[in-house]
Amino acid sequence: MQLRTVSDVKVVDVEKRRHPSKHYVYLINVTYSDTTSHVIYRRYSKFFDLQMQILDKFPIEGGQKDPKKRIIPFLPGKILFRRSHVRDVAMKRLRFIDDYCRALVRLPPQISQSEEVLRFFETKPEDLNPPVE
């Protein structure tokens, strides 16, 4: 049986959540190699965790030895802001997060089809039944 891989992603929106605490999630439309697609929801902190895992696992592709050889995309950094600006920051980041996700799934298979990347984009139970505000 062929392993299902991620063929395309598109970050389409930002949504505010109130449980367990107030935060924003990015809505990502994920299309798989078997042509199925699902919407998943991820917090910015999950992108950051994924980035750290990928850079640890692929130090050469992450440019640790030679920055010119880096192929892993840069993730927009954390931003400190006042509470009233949270939605603005989330919306401004949307395009950068979209670019990051698209670049990630276009990397060579050893990265784009790595366990870390596939696990990040897989549909989780909370994606199938998102909270209703």
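Work out the charge dipole of region 1-119 with +1 on the Cβ of Lys and Arg and -1 on the Cβ of Asp and Glu about the Cα centre, then indicate which of Val14, Pro67, Tyr100 is farthest towards its positive end.
Val14
For Lys124, which lysines qualify as cross-link partners when the Cα separation must be under 30 Å and same-chain residues fewer than eight apart are set aside?
Lys10, Lys16, Lys22, Lys46, Lys57, Lys78, Lys92
Rounded to the nearest 0.05, what FRET efficiency do His19 and Leu55 give with R0 = 30 Å and r taken as the Cβ-Cβ distance? Could you check?
Numbers: r = 31 Å, r/R0 = 1.02.
That gives a FRET efficiency of 0.45.
How large is the charge dipole for the chain, taken about the Cα centre, if only the Cβ atoms of Lys, Arg (+1) and Asp, Glu (-1) carry charge, to the nearest 20 debye?
Working: 25 positive and 17 negative charges, 136 e Å.
Rounded to the nearest 20 debye, it is 660 debye.
Order these peptides, 11-24, 51-64, by their mean beta-carbon neighbour count within 10 angstrom, highest first.
Values: 11-24: 12.9, 51-64: 15.7.
Order by mean packing, descending: 51-64, 11-24.
For the chain, what % of the accessible area comes from carbon and sulfur atoms, probe 1.4 Å?
On the way: 4610 of 8450 Å².
Looking at the chain in its full context, I get 55 percent from C and S.
Please report the projected area of the chain's Cα convex hull averaged over all directions, in nm². Mind dumping the intermediate values first?
Working: hull surface 36.1 nm².
Its Cα hull, projected and averaged over all orientations, spans 9.0 nm².
Could you state the accessible area per residue of the chain in Å², with a 1.4 Å probe and every protein chain left in place? Before the final figure, lay out the partial values.
Details: 8450 Å² over 133 residues.
Value returned for the chain: 64 Å² of accessible area per residue.
Only Cα pairs under 8 Å and at least 6 apart count here; give the relative contact order of the chain as a rounded whole percent.
28
Report the extension gain between Arg43 and Phe74 in nm, rounded to one decimal, defined as 0.36 nm multiplied by the number of residues separating them, less their alpha carbon distance.
Net length gain for the segment: 9.5 nm.
The values are calculated or read from the model by the stated rules, or taken from the named source; none is laboratory data. Remember, it's a predicted structure, so these values are computed and weren't measured experimentally. Quick reminder, even Gly has a Cβ in these numbers, built from the backbone with ideal geometry, and neighbours come from all protein chains shown. Just the protein is used for accessible areas: all its heavy atoms, side chains included, with ligands, DNA and RNA removed. Shrake-Rupley method; radii C 1.70, N 1.55, O 1.52, S 1.80 Å.
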